[in-house]
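Quick notes on the structure that follows.
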Amino acid sequence: MALWGNTDLVYNAGTIDVNLDTATVTGTTGVVTFTDAVGDGDVITVGAGATYGYAVIIGVTSTTLSIASTAGFVAGLSTISGATYFISQEPSYTVLDSIYRAPESKTVGYSTSPVFTGVFGVDEIEVGIAATTPYAVTHGGWVGVTTYIDCHGNLRVKSETLVASGILTTSDADDDTRFPDA
């Protein structure tokens, strides 16, 4: 199992149920089979904007996934039903990184405006297009991004390259508002 891969979107068909007590994810509607694309070490993001959280996959059967830990999920949950999700090969260590902890959009500290944090697979095309936007990044690969509105009402974007590498352009997660392909 690698620490990361080069695929921003491995799989996202249908919806899932998550049982945090048993650390299992079950495909509920529209999931064909996880075994066709998903592997140990891939990261599952549950809910739009990681509303519910993240986990590293450690076991795959036809329509069921085993996850390593539930620590990357929002506290107080025991089950999640009918959730959207996507699976990527982002660096597994980001799941428990306090900077990128779920959910991706939250209010922190004394700020009243939401702070967004996320990890993106950014390919060469997206790097070039983002160069003229506030989301400009120094290198393609796995990039951590934090955005917030400062006290003067200006959008601030901070990014760090977590893994400088090539990301496949054939499979792209739903990040096109920040890193468009065209």
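Odds and ends about this structure:
- Couplings 3J(HN,Hα) of region 7-19, computed from phi: 10, 6, 9, 8, 6, 7, 6, x, 10, 9, 10, 10, 10 Hz, in residue order, whole Hz [Karplus 6.51 cos²θ - 1.76 cosθ + 1.60, θ = phi - 60°; x for Gly and Pro].
- Theoretical gain in end-to-end length, residue 6 to residue 108 [0.36 nm per residue, Cα-Cα removed]: 33.6 nm
- Estimated [θ] at 222 nm from DSSP helical runs (n ≥ 4, -39500 (n - 2.57)) normalised by residues in the chain, nearest 500: -1000 deg cm²/dmol
- Taking a ≥ b ≥ c as the square roots of the Cα gyration tensor eigenvalues, region 49-94 comes out rounded, since a/c falls below 1.5.
- Here, the chain has an Rg and a Dmax of 16.2, 51 Å when only alpha carbons are counted.
Read-outs throughout are calculated quantities, based only on the coordinates presented, and are distinct from any laboratory measurement. From a predicted model like this one, the values you see are computed outputs, not experimental measurements.
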